[in-house]
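The next block holds one structure in the form of structure tokens; read it before the comments.
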Amino acid sequence: MSVLKTLARIRPAFLQRAINRMARGAGVRADFQEQLDQFYNLLIQAVETGYPTWLDSVLYNWAASLTQSDLQEGQMNVFAVLDHMLILTYEIAREDLEEKEALDLLGAVLPIFTYALDKAARFEMETRVTYISNELADIQQVLERLDRNKSNFIAMAAHELKTPLTLIEGYSAMIRDMEKKDGNGQIDSLLDGVSNGVQRLRSIVNDMIDVSLIDTNLLSLNFQPLWLNQVFGQLKYEINDSLASRNQSLNIRAFSGSNEMIFADSERLYQAFRNILANAIKYTPDGGSITVDGRILPGFIEITITDTGIGISPEYQAVIFDKFGQLGDTSLHSSGKTKFKGGGPGLGLPIARGILEAHGGTIWVESKGHDEKRCPGSTFHVLLPIRTEPPDPNIARLFGFEVNQKED
């Protein structure tokens, strides 16, 4: 008896056993029987022609019809069905056929099932990859929307806070003027407290505005000549009181490139380095030291700011440059910009990164880890492009640079 006749003879038993084992419920069985009939017809075609590709269409349809729960569970359902069919074919051949019939049947269908199993695995994997890619795309859209909402909130909150801040400052100044005329010095300390609070709040509002400008690529730079040694000299003078209050030392080395004129936005660059130094002061224990050094690289000046602080764990070395990237329990932080582990909104380093990237530079940190006893320290690396003339041709002319105009 030929293999085709054998397949025709065992067909009823094969279909019935397959339905009983793999389908539950009358509705499911009816639908599954129709699919099994289609599969069995194509199996016969594949055996008759010797081309297992006859099964491709049904395998593809099965893989494409996987439900969301099937895809979420990650099980190879079509592969499992084919595996059950192969085992069932082997059982029927062993129980219902003569030895020669069984060997002929298995010899004919095994290569086809092998092909089908491989093809089903590929189809299922492609379907699952498509599903996961779509899920990731949806998640990415949600995250982008949340980030936009956060940026919009920052911009709105900063704008709304500016008006009451201005009112508080104005009325405080009026009260101080009235107090001077009356000669009553009792409220001086109260007004000083209000003034300090307003200054701190205005600093936060300004940071929020800067973050909003960076997020929306609206941060404008005014390129002017500057010398890094002068920038750091001014910074040292500004933060000298903070260093003294913490008994810390700041060593600014005369590194290569620090006394060369470059073009950059001096105000913004000053702000970026001030934020980095403030971070170093904050996370360095009393009595520690901070060192500014650097070197010239091809096309860049590398500036390093090294502290003897508590360090940063590797998993957080990228997080600190994200907006509101607070580390640790914020309820344990003290307030202030330079107090040891003092709290804050977590905007200083993100703003520094935004300013440096707007200049065409970058920033990263290296640290052996976080340890408040041994204090392994951290080193912030800044790459700043060496600009020998301003990028704006109009400003370049003001400084006497010749600008070549391209012909249209």
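The values are calculated or read from the model by the stated rules, or taken from the named source; none is laboratory data. Just so it is clear, the structure is predicted and the values come from calculations on it, not from any experiment. Heads up, the Cβs are rebuilt from the backbone with ideal geometry, glycines too, and the neighbour counts pull from every protein chain shown.
Quick look at the numbers
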| quantity | calculated |
| --- | --- |
| Inter-residue pairs, beta-carbon under 7 Å, first under 30 Å from ASP215 (Cα atoms) and in region 152-181, second part of a helix (DSSP H, G or I) and at pLDDT below 75, 6+ apart | none |
| Yes/no for LEU143 being free of Cβ contacts under 8 Å to residues at least 60 places away in the same chain, within 30 Å of ASN206 (Cα to Cα) and out of contact with any strand residue (DSSP E or B) (no Cβ under 9 Å at 6 or more places or on another chain) | yes |
| Residue in region 198-218 that is more than 23 Å from ILE351 (Cβ to Cβ) and surrounded by fewer than 19 Cβ atoms within 10 Å (Cβ to Cβ) present | no |
| Some residue of region 377-396 being farther than 26 Å from TRP227 by Cα and at pLDDT 80 or above | yes |
| Residues satisfying the stated conditions in region 88-110, i.e. surrounded by 14 or more Cβ atoms within 10 Å (Cβ to Cβ) and either under 13 Å from LEU4 (Cα atoms) or out of contact with any Leu (no Cβ under 8 Å at 6 or more places or on another chain) (or both) | LEU88, ILE92, ASP96, GLU101, ALA102, ASP104, LEU105, LEU106, ALA108, VAL109 |
| Single residue of region 137-160 satisfying the filter (in contact with a helix residue (DSSP H, G or I) (Cβ under 9 Å, 6 or more places away or on another chain) and of a type in the set (S, T, N, Q)) that is surrounded by the most Cβ atoms within 10 Å (Cβ to Cβ) | SER151 |
| Residue within region 230-252 that is farther than 26 Å from PHE340 by Cβ and either among the charged types (D, E, K, R) or touching a His at 6+ places or on another chain (Cβ under 7 Å) (or both) present | no |
| Subset of region 292-316 [more than 14 Å from VAL382 (Cβ to Cβ) and of a type in the set (Val, Ile, Thr)] | THR308, ILE310, ILE312 |
| Strands (runs of 3 or more DSSP E) contained in region 225-301 and holding at least 1 residues assigned by TED's automatic domain parsing to the domain that holds ILE312 and under 29 Å from the mean Cα position of the chain (by Cα) | 261-264, 289-297 |
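Conditions tested, residue by residue: (1) in contact (Cβ under 8 Å) with a residue 12 or more places away in the chain; (2) outside the structural domain of LEU15 (by TED's automatic domain parsing); (3) in contact with a Cys (Cβ under 9 Å, 6 or more places away or on another chain); (4) of a type in the set (A, V, I, L, M).
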residue	(1), (2), (3), (4)
VAL78	yes, no, no, yes
ILE92	yes, no, no, yes
ASP96	yes, no, no, no
ASP104	yes, no, no, no
ALA108	yes, no, no, yes
PHE113	yes, no, no, no
GLU124	yes, no, no, no
ARG128	yes, no, no, no
ILE139	no, no, no, yes
